[in-house]
Amino acid sequence: MPPEEIAPGIYILHERDGARLATRSSDPVPVYGERIHNGYRLWDPYRSKLAALILKGKWQTLPLKSNSRVLYLGASTGTTVSHVADIVSEGLVYAVEFSARSMRDLVRLCERRKNIIPILADAAKPEEYAPLLEPVDLVYQDVAQKNQAQIASLNCARYLGQGGELCLMLKSRSVDTTAPPQAVLQSELKKLEGLELIKIMNLEPFHLDHWAVRARWNPGPSEEGH
Ligand SMILES: C[S@@+](CC[C@H](N)C(=O)[O-])C[C@H]1O[C@@H](n2cnc3c(N)ncnc32)[C@H](O)[C@@H]1O
């Protein structure tokens, strides 16, 4: 069976042992040891929360088109960033990471992919990378920090236009290790400012105590004009 395009730039490969998620790239070199078949890079939901979200969401994915611009917070060495860059092949991924060690690998990836801009910065200080960015269509965040919701709100207020979206990978144990995960989730959701919730999805069994939170930038009159 030929690969099935389930959303722009996102594919299901029907292999003998089951269906596999993939993106497409002309680069024949694997980024993190993933298998590549005829230009289709397999995308492991245990390695990438975004892959888990796409599989669990039954393909109702993010508002990504080939020319979308994405602000990616918590890029690490580029595992998920590389797949996002495949999807937005004519767009841009601004990849923010504050670990110099991870950034070294990320920069190597950027030498091979022309649509990723590596930014060594703290996502909690979005003003610091303002000179490098234009407004984006999607803020994707995966930073496992205590103040995850606050970081997301600050970045959305600065970089999302009306109707732009947030995809927040919320790890409840990074916020509070002792409180029940559901309670942490609810209290973090209340901290999202100017954002209208679209959907919340638990990422088990791929990622324990993680939720994907999708929201749309929809500020009240007092928050407009950022
Ligand atoms: C769970 S890993 C991200 C994995 C990556 N999103 C992926 O799927 O390939 C979290 C990353 O966020 C980075 N990080 C944490 N807090 C940050 C901050 N305030 N600013 C920038 N990066 C941060 C960490 O250094 C780490 O590399």
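Among the residues of segment 137-148, those identified as open to solvent by 20 Å² or more (accessible area, probe 1.4 Å), at pLDDT below 95 and touching a strand residue (DSSP E or B) at 6+ places or on another chain (Cβ under 9 Å) are Ala144, Gln145. The set of residues in segment 120-136 that are open to solvent by less than 20 Å² (accessible area, probe 1.4 Å) and more than 9 Å from the ligand (Cβ to nearest atom) comprises Pro126, Tyr129, Val136. Could you list, in sequence order, the residues of segment 174-206 that are out of contact with any strand residue (DSSP E or B) (no Cβ under 9 Å at 6 or more places or on another chain) and open to solvent by 70 Å² or more (accessible area, probe 1.4 Å)? Across segment 174-206, the qualifying residues are Thr177, Thr178, Pro180, Gln182, Gln186, Lys190, Lys191, Glu193, Pro205. Within segment 38-59, the set of residues being small (Gly, Ala, Ser) and within 7 Å of the ligand (Cβ to nearest atom) comprises just one member, Ser48. Residues in segment 86-117 that are buried (at least 21 other Cβ atoms within 10 Å of the Cβ), more than 11 Å from the ligand (Cβ to nearest atom) and touching a residue at least 40 places away in the same chain (Cβ under 8 Å): Asp86, Ile87, Val88, Tyr94. Out of the residues in segment 60-79 that are open to solvent by less than 10 Å² (accessible area, probe 1.4 Å) and near the ligand (Cβ under 7 Å from one of its atoms), state the one that is nearest to Arg158 (Cα to Cα). Filtering segment 60-79 for residues that are open to solvent by less than 10 Å² (accessible area, probe 1.4 Å) and near the ligand (Cβ under 7 Å from one of its atoms), the one nearest to Arg158 (Cα to Cα) comes out as Leu73.
Every residue, every condition in (1) over 23 Å from Asn115 (Cα atoms); (2) under 15 Å from the mean Cα position of the chain (by Cα); (3) open to solvent by 60 Å² or more (accessible area, probe 1.4 Å), yes or no:
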{"residue": "Leu21", "(1), (2), (3)": "no, no, no"}
{"residue": "Ser25", "(1), (2), (3)": "no, no, no"}
{"residue": "Pro30", "(1), (2), (3)": "no, no, yes"}
{"residue": "Arg35", "(1), (2), (3)": "no, no, yes"}
{"residue": "Asn38", "(1), (2), (3)": "no, no, yes"}
{"residue": "Ser48", "(1), (2), (3)": "no, yes, no"}
{"residue": "Ile54", "(1), (2), (3)": "no, yes, no"}
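The values are calculated or read from the model by the stated rules, or taken from the named source; none is laboratory data. What you see is a predicted model; the values in this text were computed from it and never measured. Cβ: placed from backbone, ideal geometry, glycine included. Neighbour counts: every protein chain shown. Note: accessible area is taken over every heavy atom of the protein model, side chains too, but ligands, DNA and RNA are not part of it. Shrake-Rupley method; radii C 1.70, N 1.55, O 1.52, S 1.80 Å.
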